[in-house]
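Below is one structure, written out as structure tokens; comments come after it.
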Amino acid sequence: MTVSSTFEATSTQNLPPDDSKERVSQFMRSLQDEICQGLAELDGLGTFQEDSWDRPEGGGGRSRVMREGNVFEQGGVNFSEVWGDHLPPSILKQRPEAEGHRFYATGTSMVLHPRNPYVPTVHLNYRYFEAGPVWWFGGGADLTPYYPFAEDAAHFHQTLKATCDRHHDEYYKVFKLWCDEYFYLKHRDETRGVGGLFFDYQDGQSELYRGPDPTGPAAEYSRKIGIPPQRNWEALFAFAQDCGRSFLPAYQPIVERRSGMEYGDRERNFQLYRRGRYVEFNLVYDRGTIFGLQTNGRTESILMSLPPLVRWEYGYQPEPNTPEAELYDTFLKPQNWADWTAH
């Protein structure tokens, strides 16, 4: 077999199945349904209002928003699928080989802003992209607490790690480091929260880390383990599905532990101040926000992730030896939460 025919055989083996778009779209819709049902039961009062939308260039989606619930002050779970002829600059910059092909992208994303400051904000996004022979899965989930509870961070990470370990021994380590790198506010020199998982451009053909920082911990660890055995479309789709369905088991016990805790103005004001960091990240760094705006997505759905109430305070510094200070000193720095045990 010649080098050319070997390449063609390998490329053909790595192509998505003919029904890839339909299967991923169906999964993303079902994930939205499952998460919304679970969250409505968890809240006990709030319900999701659905708003369907169409994109003139091709595609559309379903935005579901809960407001003024018992637990969730505001939360949204979005499904979208878009297609078209013109790739956005954010994609071409990362994958120039996709140029000249029609593209298809679908995903489910979610952000929940609880009312009680002791319940963490949480984010999820799983997505799939295809343009001719170029395709990949991406996504992840991360936790943003306002008050420091190590057992909550540990439960979230341990649940995600167990999911990753069912598919590849190194997924959690690389994707956890990538999450710490991605959900980082450079202008504040702090992480957005306690992290979780983040991965992108997963097509089974290269090193696990495919992010922008070649000298960071995620890249260094990924280089050290090398290129894993080729993973095909089916294996990566199975991984994405398992990750999506691990969300409720990762988050629900935390809400049940914290939602009944009493709080006062101090805790509420700190929560609103820290929500400002969420706004800063989503408007300055978030790739999903940038992609949505560049592809003429529905603005209301794209900015659904922003909290309903927020405050900024000039020059804020937490008082020493307070829970707020512990959040800054420990929880806003990368930690090995999956190995945490209660003492």
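The values are calculated or read from the model by the stated rules, or taken from the named source; none is laboratory data. If you're wondering where the values come from, they're calculated on a predicted model, not measured in any experiment. Every residue, glycine among them, receives a Cβ derived from its backbone with ideal geometry; neighbour counts consider all protein chains shown. Areas reflect the complete protein model, heavy atoms only, side chains present, ligands, DNA and RNA absent. Shrake-Rupley method; radii C 1.70, N 1.55, O 1.52, S 1.80 Å.
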Discussion item. Given the options 208, 185, 177, name the one that is touching a residue at least 24 places away in the same chain (Cβ under 8 Å), farther than 17 Å from residue 243 by Cα and out of contact with any strand residue (DSSP E or B) (no Cβ under 6 Å at 6 or more places or on another chain).
Written reply: 185
Practice prompt. Could you grab me the full set of residues in region 259-283 that are open to solvent by 40 Å² or more (accessible area, probe 1.4 Å) and assigned to a helix (DSSP H, G or I)?
Written response: 265, 266, 268, 269, 283
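When you look at residue 69, is it without any contact (Cβ under 8 Å) to a residue 60 or more places away in the chain, within 22 Å of residue 286 (Cα to Cα), open to solvent by less than 10 Å² (accessible area, probe 1.4 Å) and not hydrophobic (A, V, I, L, M, F, W, C), yes or no? Walk me through it before giving the result.
Values: without any contact (Cβ under 8 Å) to a residue 60 or more places away in the chain: yes; within 22 Å of residue 286 (Cα to Cα): no; open to solvent by less than 10 Å² (accessible area, probe 1.4 Å): yes; not hydrophobic (A, V, I, L, M, F, W, C): yes.
Spelling it out, it is not the case that residue 69 is without any contact (Cβ under 8 Å) to a residue 60 or more places away in the chain, within 22 Å of residue 286 (Cα to Cα), open to solvent by less than 10 Å² (accessible area, probe 1.4 Å) and not hydrophobic (A, V, I, L, M, F, W, C).
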Discussion item. Of all residues being open to solvent by less than 50 Å² (accessible area, probe 1.4 Å), in contact with an Asp or Glu (Cβ under 9 Å, 6 or more places away or on another chain) and not in a helix (DSSP H, G or I) in region 298-318, which is nearest to residue 198 (Cα to Cα)? Just the residue, please.
Written reply: 307
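Restricting to region 319-343, name every residue that is aliphatic (A, V, I, L, M) and outside any helix (DSSP H, G or I). Can you show your working first?
Here is the first cut: in region 319-343, the ones aliphatic (A, V, I, L, M) are 325, 327, 332, 338, 342.
Answer for region 319-343, where residues must be aliphatic (A, V, I, L, M) and outside any helix (DSSP H, G or I): 332, 342.
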Discussion item. Condition first: under 21 Å from the mean Cα position of the chain (by Cα), assigned to a strand (DSSP E or B) and not aliphatic (A, V, I, L, M). Now tell me which residues in region 35-66 satisfy that.
Written reply: 60, 61, 62, 63, 64
Practice prompt. Assess whether residue 32 counts as being open to solvent by 90 Å² or more (accessible area, probe 1.4 Å), at pLDDT 95 or above and part of a helix (DSSP H, G or I).
Written response: no
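Yes or no, residue by residue, for (1) farther than 24 Å from residue 164 by Cβ; (2) modelled with pLDDT of 95 or more; (3) not hydrophobic (A, V, I, L, M, F, W, C):
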position: 53; (1), (2), (3): yes, no, no
position: 73; (1), (2), (3): yes, yes, yes
position: 82; (1), (2), (3): yes, no, no
position: 103; (1), (2), (3): yes, no, no
position: 107; (1), (2), (3): no, yes, yes
position: 127; (1), (2), (3): no, yes, yes
Fill in: Verdict on residue 293 being at pLDDT below 90, among the hydrophobic types (A, V, I, L, M, F, W, C) and open to solvent by 50 Å² or more (accessible area, probe 1.4 Å)
yes
Worksheet, complete the sentence: residue 202 meets each of (1) within 23 Å of residue 128 (Cβ to Cβ); (2) in contact with a Pro (Cβ under 9 Å, 6 or more places away or on another chain) with one exception, condition (2)
Fill in: Every residue from region 126-172 that is under 19 Å from the mean Cα position of the chain (by Cα), open to solvent by 30 Å² or more (accessible area, probe 1.4 Å) and closer than 30 Å to residue 102 by Cα
127
Item to complete: Please state which of the following conditions residue 332 fails to meet, knowing it meets all the rest: (1) open to solvent by less than 80 Å² (accessible area, probe 1.4 Å); (2) more than 18 Å from residue 119 (Cα to Cα).
Response: (2)
Item to complete: Output the number of the condition that residue 242 fails; it satisfies all remaining conditions of (1) open to solvent by less than 30 Å² (accessible area, probe 1.4 Å); (2) over 14 Å from residue 113 (Cα atoms); (3) not small (Gly, Ala, Ser).
Response: (1)
Practice prompt. Scan region 198-208 and give yes if some residue there is modelled with pLDDT under 95 and either surrounded by fewer than 17 Cβ atoms within 10 Å (Cβ to Cβ) or of a type in the set (S, T, N, Q) (or both), otherwise no.
Written response: yes
Worksheet item: For residue 229, all conditions in the list (1) farther than 20 Å from residue 143 by Cα; (2) within 17 Å of the chain's Cα centre (by Cα); (3) at pLDDT below 95 hold save one; what is the number of the exception?
Response: (2)
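For the structure I just gave you, tell me whether residue 177 is open to solvent by less than 10 Å² (accessible area, probe 1.4 Å), closer than 22 Å to residue 211 by Cβ and among the hydrophobic types (A, V, I, L, M, F, W, C). Step through it out loud before you land on a result.
Working: open to solvent by less than 10 Å² (accessible area, probe 1.4 Å): no; closer than 22 Å to residue 211 by Cβ: yes; among the hydrophobic types (A, V, I, L, M, F, W, C): yes.
Taking the combined requirement at face value, the residue does not satisfy it.
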Worksheet item: Where residues in region 67-105 are of a type in the set (S, T, N, Q) and closer than 30 Å to residue 145 by Cβ, which of them is nearest to the chain's Cα centre (by Cα)?
Response: 78
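Is it the case that residue 256 is more than 30 Å from residue 23 (Cβ to Cβ), touching a helix residue (DSSP H, G or I) at 6+ places or on another chain (Cβ under 8 Å) and exposed (fewer than 13 other Cβ atoms within 10 Å of the Cβ)? So that I can check it myself, show each step before the final result.
On the way: more than 30 Å from residue 23 (Cβ to Cβ): yes; touching a helix residue (DSSP H, G or I) at 6+ places or on another chain (Cβ under 8 Å): yes; exposed (fewer than 13 other Cβ atoms within 10 Å of the Cβ): yes.
Spelling it out, residue 256 is indeed more than 30 Å from residue 23 (Cβ to Cβ), touching a helix residue (DSSP H, G or I) at 6+ places or on another chain (Cβ under 8 Å) and exposed (fewer than 13 other Cβ atoms within 10 Å of the Cβ).
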